[in-house]
Amino acid sequence: FCSCVLTQTILASCRDDKIYLNTFTKFPASQIYRLNKDEDVGIYQCLGSNSFGTIVSREASLFIYLPFCKTHRRNPVRVREGQGVVLLCGPPSHSGELTFKWIFNEYPSFVTQDTRRFVSQKTGNLYIAKVDPSDVGNYTCVVTNTVTKSSVQGPPTPLVLRVDGVMGEYEPKIEVQFPEVVPVAKSSTVKLECFALGNPVPTISWRREGGASFGRKVDVNKASGVLEIPYFQMEDAGVYECVAENSRGRNLVKGKLSFYAAPQLTEKPQDVQKTIDDTLVWECKANGKPKPSYRWLKNGEPLDHMEDRLQVNNGVLNITSLNLADIGMYQCVAENRHGRVFTNAELPIAPDFSQNLLKAQTLARQGGDVLIECKPRMSPRGIISWRKGKEALRENHRVTVLDNGSLRISNVTRLDDGLYTCVARNQFGVASSAGSLLVKEPTAITSPAGHLDVTVGESIVLPCQVSHDPTLELKFTWFFNEQLIHFGNLWAFFEKVGGRSSGDIMIRNIQPKHAGKYTCAVQTKVDSVSIATDVVVRGPPGPPGDCRVTAVTENTASVSWAPGADNYSPILSYAIQARTPFFLGWQAVNTVPKLLGGKQLSATVIDLNPWVEYEFRVLATNSIGTGEPSRPSKKARTRETPPRVTPARVNGGGGGHSELVITWEPVPEELQSGSGFGYVVAFRPLGAQGWMQAAVTSPEASRYVFKNESIPPFSPYQVKVGVYNNRGEGPFSPVTTIHSAEEEPSRAPGRLRARSVSASEVEVTWKPLAWSNRRILGYELQYWSERQKPDTASVIRTVGNKTSVLIRDLEGRCTYYVSLRAYNSAGVGPQSNTVNVTTKKPPPSQAPGKIMWNTSNSKVILRWDQVHALENESEVTGYKVETGRPSVVETNSTSLELSLPVNQDYVIQIKPFSEGGEGRSSRQITIPKIAGGLWRICRVMIPVLLCTSFLLSKAISKLYCCRFY
């Protein structure tokens, strides 16, 4: 076992450029050059390994002590006479114990500790309980590392008396105190510090809580500022109190000393020899406070507690069903928060074949090589030998026993058939295992390797015929460009077509992607062979490469590309396509030269729009077809030119008072030819010579409004709209004549009349207005009832020179008010005088009843009761009979004679009418058509039968000759 305990901590000076770490323990030792605080500080362990296993050492910690590197004078500390003061040391980061001293003014004058002055060996700070004038001066903290014996000085701190008075008396204030709980290791030395500031200077005393006495070994020194307990034991644990007092009062602090002990082993596991499937029990025990916990290592790594056969309980390791994987070096680690201890034990195993028997039967190909593996489990490693049958097997140029114990036979023959036994032995035992070797005829592929040349879309068969040992099963596997072919949905083009001794496959509808190397691999239990066939698929070209734009002008772009794969058929021609943000998909373009041959690798695209961003791609064509397009080129914008396209649909008219509104269809962005696109609007009165112009800077604009009080209403103007951009002006659109905004009509219509037509309709008439310079597009009629307000009036608009309107859906016997005004595109004119009209009474609400009908000769006679109007209804002036042909007959009586229906039923309804309109209709009745003999029967029967009773009329109704309702 190697020792790796680091027993020296290195002091690193700011000027050192190489630091060596030496150990004073037995070899091997660890040496670190150029110590780095961030990389080298930490926990180290040593690992020892041999053929029996691995163990790890206990841990060692490496710390690096860093001193002050620069000295700067500290700010003065100013206090009054009689006041207490604390001067801070501020030691550097360190490891191990430090001691502190303070220099007063100059070395070697050190501060002497007494009841008034105290140097803490915990923080390094200097405490002066009450400052005297003699204390004025410079104070320097000196830090000494007890491991390296090196000392460094901090920056000096000046102490200065203030002149603004003397500090009065005050009670003690304890500045140096120990923690509430101090853990102390068994047999170690503990020191408790306590010091107070105050005026007068406080006295310090120590005691145990509850009045317990100190042991004789306890030492109180340095003016009672330190309580020291050497060789700490359990009985020394408890609560300790520090009391500071003077004439002004007293103060107290206390803390608990708790006893602890690092683990110490009391029972260790011993080396033990076991066999396979045996059970191992090792027990590990240790004392310590707090009670130690246990963990186990195997070969330096934590044991896998997830295995069911392995259990660890309170230091006891139990492993059931031992196997070869369990051999090695084991370590028990007992630990608490104050330390850990290690103990080691070894587990060896005798030879065993139970888990790795020789194969019962090994197959070999005649003329080939065979390996019979022998893998017994044993520890330590022993000797392995072989037998064939009952004879020891001797090695020769064909038969070799390998270092791992396996048997290799080269150039196998039929004579090598037989039973082979592997024998393993070590100092703990011997074991053996046997298996048979059977020699088989080799497998051979009878199909020759080939080369196939096919065209896209064809179907081909790739052969794979073999000869083999009939006792062995064959397995055929196909590879395409060394990738395994899985026959199924993802490989739908491939299909197996071979029999038991054939592995032929068919490729249907072959594509360019199927070109490549196909390998048929044949496997048996003893050997494997393969054959490869190269397939060339001639198809449309692959996509051209490196499509790029090399130059652009206003209307052209120079495009170049690299040829793609020709797929075994020479490229005959190329085509270029383009797309822009303004149209969907790719479109063919014109090029120079017009036809691009198979050797052409650049061309000029023409007829492009200026200032448009284009992408281009190239497609190649051969005798088989056109292939996939190239990747699109980077976007390229053609150069700017003055615009060439004028706005479409220039028109106008309408608008507000004294306005000329000009409209057009905006020019699409792809036709604007450059940045800064806008419109030039030109206009002039019809017949004038000069043009007035205005610029519209928005390319999306579609109208311009010119307002001027001098513009006559509805005056003809000639207008045209031109275009421009940053490169210059373009052409104007053709001249169009429009009219300025017109003014609303200035006069109201005259002779407004209203006449009630019925209970729900009123006819309104008026005299039209004559046209002047103000158009009349129609009239707007408003009407409202006597129960409504004018601002809720209903509106009817006419178009053109119409002079009457029929208002419908009105209430009966109600007064309505009507007004009228003319309108045009500018608005409505003044309102006419208001007229009123009262609708007629409503028509009768009662429907005709008791409708009767009979036939006479070729006639049908209808009769019904007279309808009487109610008091609020208009009197009946007649009736309308609807026969459903359609036909309506009016009569002012309550009977009607109709022709008998022939080959068609009568569907009859009767409604009254009056000056208020039509009343409620009767229910529908049906008079059926009558034909042939039935009509003759009716002619004989009708003179005899009288419809005088309900029963008789009911009987006649069954003969369809007379019906009563």
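The values are calculated or read from the model by the stated rules, or taken from the named source; none is laboratory data. Note that the coordinates shown come from a computational prediction; the quantities given were computed from them, not determined experimentally. So basically every Cβ, Gly included, is an ideal-geometry build from the backbone, and we count neighbours across all protein chains shown. Keep in mind that these areas ignore ligands, DNA and RNA; they rest on the heavy atoms of the full protein, side chains included. Shrake-Rupley method; radii C 1.70, N 1.55, O 1.52, S 1.80 Å.
Side notes on the structure shown:
- Any chance VAL136 is out of contact with any strand residue (DSSP E or B) (no Cβ under 6 Å at 6 or more places or on another chain) and of a type in the set (Val, Ile, Thr): no
- The one condition in (1) touching a residue at least 40 places away in the same chain (Cβ under 8 Å); (2) surrounded by 12 or more Cβ atoms within 10 Å (Cβ to Cβ); (3) more than 40 Å from the chain's Cα centre (by Cα); (4) farther than 23 Å from GLU628 by Cβ that VAL497 fails to fulfil: (1)
- Region 454-486, subset free of Cβ contacts under 8 Å to residues at least 40 places away in the same chain and loosely packed, with under 13 Cβ neighbours inside 10 Å, residue farthest from ASP534 (Cα to Cα): THR471
- Checking each residue in region 289-302 for being under 30 Å from ALA185 (Cβ atoms) and either outside any strand (DSSP E or B) or open to solvent by less than 40 Å² (accessible area, probe 1.4 Å) (or both) picks out PRO290, LYS291, PRO292, TRP296, LEU297, GLY300.
- Counting only residues that are closer than 19 Å to GLU669 by Cα, open to solvent by less than 80 Å² (accessible area, probe 1.4 Å) and in contact with a strand residue (DSSP E or B) (Cβ under 7 Å, 6 or more places away or on another chain), region 580-604 holds 3 of them.
- Selected residue (criterion: surrounded by the fewest Cβ atoms within 10 Å (Cβ to Cβ)) from residues of region 769-784 that are modelled with pLDDT of 90 or more and either under 60 Å from the mean Cα position of the chain (by Cα) or not aliphatic (A, V, I, L, M) (or both): GLY778
- Residue match in region 791-803 (condition: in contact with a Leu (Cβ under 6 Å, 6 or more places away or on another chain) and open to solvent by less than 20 Å² (accessible area, probe 1.4 Å)): no
- Among (1) within 28 Å of TRP771 (Cβ to Cβ); (2) small (Gly, Ala, Ser); (3) in contact (Cβ under 8 Å) with a residue 12 or more places away in the chain, the one test that GLY678 misses: (1)
- Restricting region 362-398 to residues that are in a loop (DSSP other than H, G, I, E, B) and of a type in the set (S, T, N, Q) leaves a set whose member that is nearest to GLU441 (Cα to Cα) is GLN366.
- Note on region 659-679: among residues that are among the hydrophobic types (A, V, I, L, M, F, W, C) and open to solvent by less than 20 Å² (accessible area, probe 1.4 Å), the one that is farthest from the chain's Cα centre (by Cα) is LEU660.
- Residue match in region 379-388 (condition: in contact (Cβ under 8 Å) with a residue 60 or more places away in the chain and surrounded by 15 or more Cβ atoms within 10 Å (Cβ to Cβ)): yes
- Test: residue in region 325-335 that is open to solvent by 30 Å² or more (accessible area, probe 1.4 Å), among the aliphatic types (A, V, I, L, M), at pLDDT 90 or above and over 27 Å from LYS375 (Cα atoms): no
- Top-ranked residue in region 605-658 [being more than 30 Å from SER825 (Cβ to Cβ), in contact (Cβ under 8 Å) with a residue 60 or more places away in the chain and more than 44 Å from the chain's Cα centre (by Cα); ranked as surrounded by the most Cβ atoms within 10 Å (Cβ to Cβ)]: PRO643
- Residues that are in a strand (DSSP E or B), open to solvent by 10 Å² or more (accessible area, probe 1.4 Å) and not hydrophobic (A, V, I, L, M, F, W, C), drawn from region 182-198: PRO183, LYS191, GLU193
- Restricting attention to region 724-754, the residues that are part of a strand (DSSP E or B), within 15 Å of THR663 (Cα to Cα) and either assigned by the TED database to the domain that holds GLN831 or not aliphatic (A, V, I, L, M) (or both) add up to 4.
- Of all residues in region 299-312, those that are more than 14 Å from GLN45 (Cβ to Cβ) and assigned by the TED database to the domain that holds ILE327 have Cβ atoms under 6 Å from Cβ atoms of residues that are in a loop (DSSP other than H, G, I, E, B) and at pLDDT 85 or above, 6 or more apart or on another chain, in ARG309/THR320; ARG309/SER321.
- Complete set of residues in region 883-923 that are at pLDDT 80 or above, open to solvent by 60 Å² or more (accessible area, probe 1.4 Å) and either among the hydrophobic types (A, V, I, L, M, F, W, C) or more than 19 Å from THR855 (Cβ to Cβ) (or both): VAL888, GLU890, ASN892, GLU915, GLU918, ARG920, ARG923
- The combined condition, being of a type in the set (A, V, I, L, M, F, W, C), touching a Ser or Thr at 6+ places or on another chain (Cβ under 8 Å), modelled with pLDDT under 90 and surrounded by fewer than 17 Cβ atoms within 10 Å (Cβ to Cβ), is fulfilled by ALA449.
- The single condition among (1) open to solvent by less than 30 Å² (accessible area, probe 1.4 Å); (2) within 60 Å of the chain's Cα centre (by Cα); (3) modelled with pLDDT under 95 that LYS707 does not satisfy is (1).
- Filter result (surrounded by fewer than 18 Cβ atoms within 10 Å (Cβ to Cβ), part of a strand (DSSP E or B) and touching a residue at least 40 places away in the same chain (Cβ under 8 Å)) within region 235-244: none
- Residues in region 313-338 that are closer than 29 Å to LYS186 by Cα, assigned to a strand (DSSP E or B) and within 50 Å of the chain's Cα centre (by Cα): 7 in all.
- A Cβ distance below 8 Å, combined with a sequence gap of six or more or placement on separate chains, defines the contacts here; from region 552-564, residues that are farther than 20 Å from GLY674 by Cα and of a type in the set (Phe, Trp, Tyr) reach residues that are open to solvent by 50 Å² or more (accessible area, probe 1.4 Å) and outside any loop (DSSP other than H, G, I, E, B) in the pairs TRP561/ASP546; TRP561/ARG548; TRP561/SER602.
- Hits in region 121-134 - residues which are outside any strand (DSSP E or B) and buried (at least 19 other Cβ atoms within 10 Å of the Cβ): GLY124, ASN125, ALA129, LYS130, VAL131
- Positions within region 277-301 being at pLDDT below 90 and of a type in the set (Ser, Thr, Tyr), in sequence order: THR279
- Annotation: of all residues in region 259-288 being in contact (Cβ under 8 Å) with a residue 60 or more places away in the chain, charged (D, E, K, R) and open to solvent by 50 Å² or more (accessible area, probe 1.4 Å), the one that is nearest to ALA185 (Cα to Cα) is LYS268.
- In a residue-by-residue description of region 687-710, the property of being closer than 30 Å to GLU763 by Cα and either without any contact (Cβ under 8 Å) to a residue 12 or more places away in the chain or of a type in the set (D, E, K, R) (or both) applies to no position.
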